[in-house]
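Comments concern the structure below.
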Amino acid sequence: MALLSVILVYVWMTVGNNVILLLAGLQGVSETYYEAAQIDGASKVRQFFSITLPLITPTLFFVFITAMISSLQMFDLIFIMIGDSNALLEPLRTIVYGVYESGFKYSSMGIASAQAFLLFIAILVITIIQFVFQKKWVHYDS
């Protein structure tokens, strides 16, 4: 139940920012594409999958990257909701919480900085992989 609560609060925290970004991406799609598709007889569903979705893929890509990075850096929400002395902390432990615990609870700044560096490397590798695969689904022509 604790994991579900943290997920629910995290989604509630981030959905507003992501919706604003996606609405900005939708406003960047020109109406002329929809007019041309309507003249050609395309349905609304076809317009969405052929016009809207391909043209907002750069925005979707940005939202995916930022959401992935912020989810890997999750600390504050768990620390505020669970605390550091609760039995529910063990299944909710994250990498950043381990950095906090090593550095401030056990006063081992060297281990904490090594863990933070490994987290940086993991985020970098995942982001590079996403940038490599984005060539298959992100369309930058508008």
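Brief remarks on what is shown
- If you take the alpha carbon atoms of the stretch 67-128 and fit the smallest convex hull around them, that volume is 75 Å³ per residue.
- Extension gain, S107 to T32: 0.36 nm times the residue separation minus the Cα-Cα distance gives 20.9 nm.
- Distance in nm between pseudo-label sites at A114 and M13 (7 Å out along the Cβ direction from Cα): 2.9 nm
- Surface composition of the stretch 1-89: carbon and sulfur atoms hold 70% of the protein heavy-atom accessible area at a 1.4 Å probe.
- Alpha carbon centroid spacing (whole Å) that separates the stretch 95-110 from the stretch 20-68: 44 Å
- Think of a 1.4 Å ball rolled over the protein heavy atoms: the chain then has 68 Å² of accessible area per residue.
- Percent carbon-and-sulfur accessible area, the stretch 95-142, ignoring ligands, DNA and RNA, probe 1.4 Å: 74 percent
- For the stretch 25-105, radius of gyration divided by Kirkwood radius, i.e. Rg to Rh on alpha-carbons: 1.35
- Span-like helix ranges in the chain, DSSP H, alpha carbon extent 18 angstrom or more, Kyte mean at least -1.0: 2-27, 57-72, 109-133
- 10 Å binning of all Cα-Cα separations within the stretch 1-66, expressed as whole percents from 0 upward: 19, 36, 25, 14, 5, 0
- Placing unit charges on each Cβ (+1 for Lys and Arg, -1 for Asp and Glu) gives the chain a dipole about its Cα centre, and among L77, W12, I123 the Cα reaching farthest toward its positive end belongs to I123.
- The chain: C-alpha gyration tensor shape, a/c 1.5 cut-off, then a/b vs b/c: prolate
- With a simple spin-label model that places each label point 7 Å from the Cα along the Cα-to-Cβ direction, the separation between W137 and S71 comes to 1.3 nm.
The values are calculated or read from the model by the stated rules, or taken from the named source; none is laboratory data. The shown structure was predicted, so the numbers you read here are calculated from the model rather than taken from an experiment. Note: ideal-geometry Cβ built from the backbone for every residue, glycine included; neighbour counts use all protein chains shown. What goes into the accessible areas is simple: the full protein's heavy atoms, side chains included, and nothing from ligands, DNA or RNA. Shrake-Rupley method; radii C 1.70, N 1.55, O 1.52, S 1.80 Å.
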